[in-house]
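Read-outs throughout are calculated quantities, based only on the coordinates presented, and are distinct from any laboratory measurement. Bear in mind the structure is a predicted one, so any value in this text is a computation, not a measurement. When we count neighbours, we look across all protein chains shown, and the Cβ atoms used for this are built from the backbone with ideal geometry, even at glycine.
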Amino acid sequence: MRPLTLTTRVTVTGPVLRISGDLDYETAPELREAVDGLTLGAGQTMVLDLADLGFCDSSGISALISARNLAMERGGGVALAAVPPNTLRILSIVGLDQVFTLLPDAATATGPDLMTG
């Protein structure tokens with residue numbers, strides 16, 4: 001197992017959260033907590049950058065859905081960037097590829113960085 005690492009950067013269009021490692025039953029609460037702590041203004045998009053995601057189980061998928069729900073509650077949106085093929089397959093099977101905005105990379109959805117954290 002690869003440990004979960006979450007890195008946040010703030011851009012003009014909203015926060016970008018890079019998710020590295022394994023997103024599973026044990027680590028999904030970390031993602032939920034990190035997403036809850038992000039500042040997302042109305043009309044902004046939270047980008048979850050999955051380029052370095054190693055593994056994602058059903059708990060991880062549930063945490064991604066929770067992130068989407070929270071973004072919508074705050075008047076914003078969410079996009080998944082650089083979704084690995086194995087995770088994309090799962091999203092497609094359950095129809096979540098029609099729910100999430102999917103982007104080839106995080107830069108596609110963001111403006112310049114305001115700060116890194």
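Let me have the relative contact order for the range 5-116, percent, based on Cα pairs under 8 Å that are six or more residues apart.
Values: 213 pairs, mean separation 36.5, N = 112.
Worked out over the range 5-116, it gives 33 percent.
Mean residue ellipticity at 222 nm, helices only, the chain: -9000 deg cm²/dmol; runs of at least 4 DSSP H residues each add -39,500 (n - 2.57), and the sum is divided by the number of residues.
Maximal additional length on extending the E26-E73 stretch stands at 14.4 nm, based on 0.36 nm per residue less the C-alpha distance. Spin-label model, D36 to R89: label points 7 Å out along the Cα-to-beta-carbon direction sit 3.3 nm apart.
Classify the range 5-116 as rounded, prolate or oblate, taking a ≥ b ≥ c as the square roots of the eigenvalues of its Cα gyration tensor: rounded when a/c is under 1.5, otherwise prolate if a/b is larger than b/c and oblate if not. Please list the in-between numbers first.
Working: a/c = 1.43, a/b = 1.38, b/c = 1.04.
Here the range 5-116 falls in the rounded category.
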